[in-house]
Structure formats: structure tokens, C-alpha cells
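Trainee: Encoded as C-alpha cells, here's the structure I'll be asking about.
The values are calculated or read from the model by the stated rules, or taken from the named source; none is laboratory data. This is a predicted model, so every value here is computed, not measured. Reconstructed Cβ throughout: ideal geometry from the backbone, glycine too, with neighbour counts over all protein chains shown. Side chains are part of the model used for accessible areas, which takes the heavy atoms of the whole protein and leaves out ligands, DNA and RNA. Shrake-Rupley method; radii C 1.70, N 1.55, O 1.52, S 1.80 Å.
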Amino acid sequence: MTTTNTSTSKIADKPAGDGMRFYGVWLIGIAALIVLPMVFSSGGSLTSFSLIGIAIVFALSYNILLGQTGLLSFGHAVHYGLGGFAACHMMNAVVSHGWPIPLPFIPLFGGLGGLVFAIIIGWVMTKRAGTVFAMISLGIGELVASSSLILRSVFGGESGITTDRTALPKMFGWSFGPQLQVYYLIAFWLVLSAIAMYALTRTPLGRISNAVRDNPERVQFIGYDPHVVRYLAFCFAGFFAGVAGGLAAINFEIANSAYLGAIQSGLVLFSTFIGGTAYFFGPILGAILVTYLQLGLTSVTSVWQLYFGIIFIGIVMFSPGGIAGLVMMHRPLVRAGTLWTVIPSYLVAVVPTVALACGVILTIETIARYSGGDVINLFGIGFRPTSPVTWVAAAVLVIGGAFVARLTWRRIADAWDRAATVARDRGYLA
Amino acid sequence: MLELIVISTLNGVLFGMLLFLLSSGLTVIFSMMGVLNFAHASFYMLGAFFGFQLTKWSGFWPALVLAPLLVGAIGMAVERYGLRNTHKHGHVAELLLTFGLAFAIEEIVSMIWGKSPVDYRVPTLLDFPAFTVFSTNYPAYKIFMLAVSVVIFVALLIVLKRTRVGLIVQAALTHPHMVGHLGHNVGRVFMVVFGVGSALAGLAGVIAGPALVTQSDMAAALGPILFVVIVFGGLGSLPGAFIASLVIGLVQTFAVALNGSLASAFGPLDPSAGPSVLTDVWNVTIAQVAPIVPYLLLVIILIVRPMGLMGTRES
């Protein structure tokens with residue numbers, strides 16, 4: 001894992017102009033959230049925005065563990081799922097007892113659901129970090145996911161637990177029946193949680209978490225117990241994952257065992273890592289991309305998960321900083337004014353890289369549809385999976401594309417080195 | 001009752017040996033390179049599917065040799081072109097690489113062979129009852145599986161403990177630079193060990209495929225249990241992995257075979273109590289609990305002895 005500072009670590013001691021820019025970014029984000037449904041008002045896009053909002057909260061909560069504290073969890077969906085169940089039970093209880101709790105407060109109970117489990121199990125889990133923690137989190141995740149099918153009265157077995165969000169007391173006259181109102185509810189909690197989680201990174205706890213990630217022994221020498229720090233971070237992550245689960249329960253009006261499972265845990269890991277763990281906005285980018293791909297690809301191809309896997313492997317191998325890392329790499333070049341020297345080599349590389357990607361896609365789709373026999377439509381050109389022409393095209397694109405792309409990537413590396421050297425000379429790159 | 005005990009013990013030892021075959025490769029790779037190979041169970045699945053496909057083309061016995069070799073070759077390629085490049089980014093990146101790989105392999109397998117179980121049969125040569133215990137026929141194939149597992153286990157121990165190759169491997173484990181200075185190609189040693197570990201997993205897949213179900217989610221079902229085995233046994237400890245494999249194999253097999261519940265032991269709860277967690281726990285049978293038993297063991301061992309059964313250090 002790269003151990004870069006968070007992007008924002010210098011903001012505190014910068015002059016007022018930077019502070020303006022910092023608040024400006026947040027205000028623009030909030031404004032965008034308010035305006036979005038007015039621009040894209042179709043039912044489909046509202047649903048997508050809601051899902052993306054939930055995914056962002058979930059991914060940010062995951063990054064408290066992975067990016068902030070260096071804990072790689074394979075069972076984060078447990079908190080998400082338990083939060084979802086807690087929210088569902090709470091909603092049903094509110095309806096049946098007639099408590100005066102309106103819907104917007106329900107995610108809080110989801111958060112408590114995730115938090116309670118984190119408090120109970122976290123102390124044992126966070127005893128050890130690194131690989132051991134990863135395995136234990138996997139085991140605990142499986143434990144909870146399998147138990148959820150046994151404890152039917154709480155988890156509702158395979159069918160899950162349903163609820164009705166509109167039956168709760170109204171707030172500002174909103175029934176939360178229409179998706180638009182649910183979207184605004186999710187957006188509200190998204191902003192709240194994002195600010196809270198960002199604030200968490202600025203607290204002494206957030207800072208000492210980073211220290212625990214980078215050098216636990218040294219943290220111990222200065223008098224903090226890394227175990228306690230990891231435990232606290234784990235609890236916070238559990239709480240916000242629970243909030244995300246509660247939002248999902250409100251959105252779908254159901255919670256079932258799929259919320260808790262390994263697939264959900266894998267997805268949040270993918271989102272966070274693909275987006276980039278070293279920057280606060282990384283998981284946000286990742287969650288948007290992954291959810292969007294998930295929604296977009298499912299209608300196009302039956303093997304969309306394979307594309308995820310490939311993208312993920314590519315990111316791990318070539319850009320461990322994720323997309324955010326790639327973007328932020330360019331910042332010193334922009335400041336030093338040397339970015340323009342790199343761009344031509346990028347443009348040259350685009351063609352063979354796209355060809356390579358098309359070849360891989362064509363290969364995968366050919367294999368996937370070999371027995372089915374659907375025609376593959378790539379940029380308006382139809383390929384029949386059984387015809388040899390398709391195989392030759394795929395082979396040429398993959399092999400030729402890979403060969404040429406490697407050459408152009410080398411050119412990018414050279415151009416990059418030159419630009420970075422200049423930037424270093426001008427004092428913009430450490 | 002005695003019948004149940006004998007059969008379950010046999011099956012439990014069998015499952016345990018199979019787990020050991022998998023966890024031994026995982027343990028050797030882990031203690032060698034510090035990499036927890038998430039894709040290990042995927043190599044096992046690849047072994048089963050390659051075995052199935054090769055059996056269709058050339059019969060079972062060539063498949064028994066070829067499929068593990070193929071899987072081993074894939075493993076070596078993964079080490080050479082994937083892990084070695086990722087190493088500079090640290091162990092978490094390596095772990096994530098194998099995680100992504102496991103994900104991709106599962107998707108590729110289900111893309112090629114479909115999501116439903118394939119018809120991978122026991123070879124006719126071994127398709128007869130070996131012996132009869134209490135009117136139950138015990139299939140010869142299971143004895144064969146057991147024999148292969150034991151042979152591999154013994155061979156692995158001898159190679160690691162008694163030969164020059166094992167000496168170099170063990171030295172490269174703790175002192176890679178020293179071994180490098182002595183003129184051994186440490187990178188190649190790592191690659192070969194990774195390949196052998198993957199081939200072992202592939203072999204386990206080929207022989208387990210006909211007895212268990214061969215389908216695209218078999219890796220996802222077994223993977224977490226493997227991690228439980230090596231955490232339970234103590235990370236990096238081969239004897240620990242052996243004991244843990246047997247314990248988990250036996251416990252799980254017995255749990256599946258037993259049908260008791262608290263309700264059957266103490267009588268049903270008052271029906272007026274209504275459905276609740278208590279009634280769930282009261283009525284659930286041991287067989288239903290079987291899937292979560294390994295994870296319960298994991299939690300217990302973590303509380304009682306965090307380093308695992310035979311582990312020597314805390315982290």
C-alpha cells in the first residue's frame with residue numbers, strides 16, 4: 001500500500017485562500033447534489049443516484065479502515081447488512097408501536113446496528129493487523145452471513161425482512177413514497193456522513209490512525225496502544241457502514257442476507273481500492289464508477305463481474321493509488337506547467353490501448369456467447385461469436401494492441417520522467 | 001450409532017486430508033513469500049474443471065497428471081508476471097492481486113463451464129465399493145483420495161525436511177539474500193514454490209472433483225474455510241495446518257451427520273413463546289449449524305489463543 005499523506009493534510013496551515021477553496025469544493029458538491037435530480041429527473045437516473053449515494057457512504061466508511069488505518073477487511077458488509085436489518089426492524093417497530101420517529105432518523109439506528117456489532121466483535125478482531133486481520137474479517141463475515149440463514153426470526157431467512165417506509169410519521173409533509181424524496185434523504189445523509197468522516201480524519205484519532213497504519217511500533221513507543229486505535233477506527237467504520245445499510249434498507253424497503261454476504265464486501269473493497277485509498281475523494285470516485293458500471297454493464301453483458309475483476313487487477317498491478325492517485329499525480333505537473341509535455345504521448349497511446357481493450361472485450365464476449373450465439377455489437381460492428389473472423393479479429397487486436405501499446409506506454413514513462421524532473425527543479429515535486 | 005461414528009470418522013479424516021492438501025500449499029507459499037494467496041481455492045477449482053475437461057478428452061489417469069501441471073504452470077505465471085511486479089507495493093497489494101484473481105477465475109470458469117455443476121464422474125476403474133461397514137458400502141474412490149492425500153503429505157514432508165531442495169527452500173524462506181549470495185536464483189525458487197503450491201491445489205481439485213460437486217462456486221465455498229484452517233493451526237506452521245485440517249474436517253463431518261437440536265434433547269419450547277432468537281437457537285439442528293462451525297472455532301481460538309494452535313508469534 002502506498003503510504004502517501006491524505007491530500008488535505010496541509011490545508012490546516014495554509015492561508016485563507018486555500019480555506020475558501022476547501023469550503024468551495026464542499027459547497028459545490030452539496031449544490032450538485034441538490035441540482036442533479038432537477039437536471040436528470042427520469043426515474044432511472046434517480047434510482048442510480050440513490051444507489052450511488054449509498055455506495056459512497058459505504059465506500060467512505062470502508063476507507064476509514066483501509067485507507068486511514070491500513071486494515072484490509074473482507075467482511076465490511078457485515079456492518080452494512082446488520083445496519084440494514086436494524087433499520088428495517090426499527091421502521092417496523094415505529095409503525096407497530098406508533099412512536100413519533102420520522103423516516104430521516106432511521107439511518108441513525110442502522111448506524112447503531114453496525115456500531116453495536118463492531119463494539120462486540122471488534123476487540124478480538126483488531127488484536128492483529130495486516131494479513132491476519134484480513135483473514136479473520138473474512139471468517140467473521142462468513143460466520144455472520146451463514147448465521148443469518150439460521151436465525152430466521154431476526155433475519156427472515158432467504159426472503160429477508162420487508163418494511164414500508166411510507167407508514168412512518170411524516171416530516172415536512174414528506175411521505176418518502178416518491179423516489180425523489182428518498183433521493184434527497186440519501187443525499188442529506190451522504191453529506192452529513194461525508195462531513196463527519198472527513199472531520200474524523202482531522203481529529204487526533206484520525207491522525208494517530210494514520211500513524212498506526214504506517215508504523216504501529218512507533219505509535220506504541222509514544223504511548224498509544226495501536227490495538228485501541230484500530231478498535232476505535234473499526235467502530236467508526238462499522239457505524240458509518242451501518243448508516244449506509246440503513247439507507248439501503250430505506251431505499252429498497254427490504255433487508256436480506258445478500259446485504260451481509262461476501263459479494264457485498266467484495267464490491268465495497270473494489271470501489272474503495274479502484275477509486276484510491278490515499279485521498280478522501282478516492283472512495284467517492286470509486287463508488288460512483290463501480291455503481292455506474294454495475295448498473296450500466298449488467299444490461300449490456302452477462303459477465304460484467306469479470307470486467308470488474310480485470311479492472312481491479314489492472315489497478316492493483318499498475319496503479320496502486322487508484323484513480324485518485326493517478327489524478328493527483330498530475331497536480332505537481334500542472335503547477336509546474338509541464339503537463340503539456342506529457343499530453344502528446346498520452347494521445348499517441350490512446351489508440352493502441354483502446355484497440356487492446358477492444359480485443360480483450362471481444363475475446364471475453366466471444367467465449368461468453370460461444371454457445372448462445374448472440375451477435376456481439378462493438379462500436380456498431382457486429383461480430384458473430386462462432387465465426388473464425390471474430391477470433392482472428394480478437395487475436396489481432398489483443399496481440400497487436402498489446403505490442404504497440406507497450407511501446408507507447410514506454411514513451412509516456414519517458415515523457416513523464418522528463419516532465420517530473422522539470423517539476424522537481426521548479427520545486428513542485430518532492 | 002457406531003456405524004455413524006465409523007463412517008463419519010472416515011469421511012472426516014478424508015475431508016481433513018483434502019483440506020490439508022490445500023492448506024499445505026497455502027502455508028508453504030505464505031511462510032515463504034509472506035503472501036496469503038487468496039486464489040488458492042481458485043486453483044483448486046481450476047484443477048477440478050481441468051480434470052473434468054481432460055477426463056472427457058483423454059480419460060481420468062492422464063488428467064490426474066496433466067491438470068495439476070497445467071494449474072502449476074498458471075500459478076508460476078501468476079507469480080512471475082503478477083506477484084513479482086506487485087511486490088514493491090507491499091503485502092496488502094499482493095493479497096489484493098490474488099483476491100482480484102480469485103474473483104476473475106470464478107467468473108471465467110462460470111463463463112466457460114456454466115454456473116451449474118458439471119458431470120464429473122468417478123473413473124470406472126475405481127467405481128466399486130471397497131468394503132462394507134455395517135451394511136454401508138464405502139466407495140473405493142474415497143480410499144483412493146485418502147491414499148493420494150497421505151502420499152502427497154508424506155512426500156511433501158520428506159522433500160521439505162530431508163532433501164537439499166527443501167533445505168534451499170527453507171533457507172530462502174528466512175534468509176533470501178544469503179541464499180541469493182550463495183548462487184541460488186531466489187526469484188526462481190519463489191516461482192517454483194508458488195507453482196508447486198498451485199499444482200498441489202490443482203491435484204486436490206482433480207481428485208476431489210468427482211467426489212464433491214464440481215461447479216463454479218466451489219472455490220468461494222472452500223476458500224474461507226482454508227483461511228480458518230491456517231489461522232486455527234497457526235500461521236506458517238505446517239504441523240499446525242495438519243492438525244487444524246483434521247480437527248475441522250472431523251468436526252464438520254460429525255456436525256453434518258448429527259441431527260440433534262436443543263429441542264430434541266430437552267423437549268420443545270412452550271409454543272406460546274412465539275418465534276424469537278431463542279426459539280431459533282432452540283430448534284436449529286446440529287446439521288444446520290455445520291457450515292458455521294469452522295468460523296465459530298476461529299472466533300474461539302482467537303479469544304483463547306490468538307496465535308493459533310501451533311503458531312509461535314502474535315502477528
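Trainee: Does segment B:96-104 contain any residue that is in contact (Cβ under 8 Å) with a residue 60 or more places away in the chain and more than 9 Å from every other protein chain (Cβ to nearest Cβ)? Don't jump to the end; show me each part of the working.
Mentor: Taking segment B:96-104 first, the residues in contact (Cβ under 8 Å) with a residue 60 or more places away in the chain are B:98-99, B:101-102.
Checking which are more than 9 Å from every other protein chain (Cβ to nearest Cβ) leaves us with B:98.
Yes, the conditions are met somewhere in segment B:96-104.
Trainee: If A:THR131 satisfies every condition in (1) assigned to a helix (DSSP H, G or I); (2) more than 22 Å from the chain's Cα centre (by Cα); (3) closer than 30 Å to A:ASN215 by Cβ but one, which is the exception?
Mentor: Every listed condition holds for A:THR131 apart from (2).
Trainee: Against the condition in contact with a Ser or Thr (Cβ under 9 Å, 6 or more places away or on another chain), of a type outside the set (Val, Ile, Thr) and either in a helix (DSSP H, G or I) or facing chain B (nearest Cβ under 9 Å) (or both), how does A:ALA118 come out, does it pass? Before the answer, list the steps.
Mentor: Details: in contact with a Ser or Thr (Cβ under 9 Å, 6 or more places away or on another chain): no; of a type outside the set (Val, Ile, Thr): yes; either in a helix (DSSP H, G or I) or facing chain B (nearest Cβ under 9 Å) (or both): yes.
In short, no.
Trainee: How many residues does segment A:121-157 hold that are open to solvent by 10 Å² or more (accessible area, probe 1.4 Å) and either among the polar types (S, T, N, Q) or closer than 30 Å to A:LEU168 by Cα (or both)?
Mentor: Counting residues in segment A:121-157 that are open to solvent by 10 Å² or more (accessible area, probe 1.4 Å) and either among the polar types (S, T, N, Q) or closer than 30 Å to A:LEU168 by Cα (or both) gives 13.
Trainee: Being within 19 Å of B:PHE15 (Cβ to Cβ) and out of contact with any Asp or Glu (no Cβ under 7 Å at 6 or more places or on another chain) is true for just one of B:ALA171, B:ALA140. Which residue is that?
Mentor: Values: B:ALA171 fails: within 19 Å of B:PHE15 (Cβ to Cβ).
When all the criteria are applied, what remains is B:ALA140.
Trainee: Under the condition of being open to solvent by less than 50 Å² (accessible area, probe 1.4 Å) and among the aromatic types (Phe, Trp, Tyr), which residue from segment A:276-335 is nearest to the other protein chains (Cβ to nearest Cβ)?
Mentor: A:PHE312
Trainee: I need the full set of residues from segment B:193-215 which are open to solvent by 10 Å² or more (accessible area, probe 1.4 Å) and out of contact with any Pro (no Cβ under 6 Å at 6 or more places or on another chain), in order please.
Mentor: Taking segment B:193-215 as the starting set, the residues that turn out to be open to solvent by 10 Å² or more (accessible area, probe 1.4 Å) are B:193, B:196, B:199-200, B:203, B:210-213, B:215.
Correct list: B:VAL193, B:VAL196, B:LEU200, B:PRO210, B:ALA211, B:LEU212.
Trainee: Here is a list of conditions, (1) open to solvent by less than 60 Å² (accessible area, probe 1.4 Å); (2) touching a residue at least 24 places away in the same chain (Cβ under 8 Å), and A:LEU108 meets all of them except one; can you say which number that is?
Mentor: Here A:LEU108 meets the rest and fails (1).
Trainee: Okay, moving on. Mind checking whether some residue in segment A:65-74 is part of a helix (DSSP H, G or I), within 9 Å of chain B (Cβ to nearest Cβ) and closer than 23 Å to B:ASN37 by Cα?
Mentor: If we filter segment A:65-74 for residues that are part of a helix (DSSP H, G or I), which is where we start, we get A:65-69.
Among the residues that remain, those that are also within 9 Å of chain B (Cβ to nearest Cβ) are: A:66.
Narrowing the set further to residues that are closer than 23 Å to B:ASN37 by Cα leaves A:66.
Within segment A:65-74 (the criterion being part of a helix (DSSP H, G or I), within 9 Å of chain B (Cβ to nearest Cβ) and closer than 23 Å to B:ASN37 by Cα), the answer is yes, since at least one residue qualifies.
Trainee: Given the condition free of Cβ contacts under 8 Å to residues at least 24 places away in the same chain and away from chain A (no Cβ under 14 Å), answer yes or no: does some residue in segment B:75-87 qualify?
Mentor: no
Residues are listed down the side, and each one gets a yes or a no for (1) among the charged types (D, E, K, R); (2) buried (at least 21 other Cβ atoms within 10 Å of the Cβ); (3) at pLDDT below 75; (4) in contact with a helix residue (DSSP H, G or I) (Cβ under 6 Å, 6 or more places away or on another chain):
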residue	(1), (2), (3), (4)
B:GLY223	no, yes, no, yes
B:LEU235	no, yes, no, no
B:PRO268	no, no, yes, no
B:PRO271	no, no, yes, no
B:PRO291	no, no, no, yes
B:PRO294	no, yes, no, yes
B:LEU302	no, yes, no, yes
B:ARG313	yes, no, yes, no
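Trainee: I've got another one for you. Residues to consider are A:SER147, A:SER153; find the one that is farther than 30 Å from A:LEU185 by Cα and within 14 Å of chain B (Cβ to nearest Cβ). Walk me through how you get there before you give the answer.
Mentor: Working: A:SER153 fails: farther than 30 Å from A:LEU185 by Cα.
Criteria check complete, one pass: A:SER147.
Trainee: Let me ask something additional. So, of the residues in segment A:158-175 that are part of a strand (DSSP E or B) and open to solvent by 50 Å² or more (accessible area, probe 1.4 Å), which turns out to be nearest to the other protein chains (Cβ to nearest Cβ)?
Mentor: Initially, segment A:158-175 is screened for residues part of a strand (DSSP E or B), giving A:161-162, A:171, A:174.
Subset that is open to solvent by 50 Å² or more (accessible area, probe 1.4 Å): A:162, A:174.
Details: A:THR162: 16, A:TRP174: 34 Å.
Checked segment A:158-175; the qualifying residue nearest to the other protein chains (Cβ to nearest Cβ) is A:THR162.
Trainee: Would you call B:ILE248 in contact (Cβ under 8 Å) with a residue 40 or more places away in the chain and assigned to a helix (DSSP H, G or I)? Explain how you work it out, then say what you get.
Mentor: Numbers: in contact (Cβ under 8 Å) with a residue 40 or more places away in the chain: yes; assigned to a helix (DSSP H, G or I): yes.
Judged against the criteria, B:ILE248 is a match.
Trainee: Is it the case that some residue within segment A:93-105 is in a helix (DSSP H, G or I), away from every other protein chain (no Cβ under 14 Å) and surrounded by 24 or more Cβ atoms within 10 Å (Cβ to Cβ)?
Mentor: The answer is no; no qualifying residue exists.
Trainee: Here are A:ALA244, A:ALA258: which of them is at negative phi and surrounded by 24 or more Cβ atoms within 10 Å (Cβ to Cβ)? I'd like the intermediate steps shown before the answer.
Mentor: Numbers: A:ALA258 fails: surrounded by 24 or more Cβ atoms within 10 Å (Cβ to Cβ).
It is A:ALA244.
Trainee: Give segment B:105-124 a look and list any residue that's closer than 16 Å to B:ALA220 by Cα, more than 7 Å from every other protein chain (Cβ to nearest Cβ) and acidic (Asp, Glu), or say none.
Mentor: Passing the criteria: only B:GLU106.
Trainee: Any residue that is within 25 Å of A:GLY53 (Cβ to Cβ), assigned to a loop (DSSP other than H, G, I, E, B) and not polar (S, T, N, Q) - is there at least one of those in segment A:181-202? I'd like the intermediate steps shown before the answer.
Mentor: If we filter segment A:181-202 for residues that are within 25 Å of A:GLY53 (Cβ to Cβ), which is where we start, we get A:181-202.
Checking the rest, the ones that are also assigned to a loop (DSSP other than H, G, I, E, B) come to none.
Scanning segment A:181-202, I find no residue that is within 25 Å of A:GLY53 (Cβ to Cβ), assigned to a loop (DSSP other than H, G, I, E, B) and not polar (S, T, N, Q), so the answer is no.
Trainee: What's the total number of residues in segment A:309-335 that are in contact with a helix residue (DSSP H, G or I) (Cβ under 8 Å, 6 or more places away or on another chain), at pLDDT below 85 and part of a helix (DSSP H, G or I)?
Mentor: Adding up the residues that qualify gives 3.
Trainee: Also: Can you tell me how many residues in segment A:357-390 are at pLDDT 80 or above, farther than 15 Å from B:MET111 by Cβ and open to solvent by 30 Å² or more (accessible area, probe 1.4 Å)?
Mentor: Total meeting the criteria: 1.
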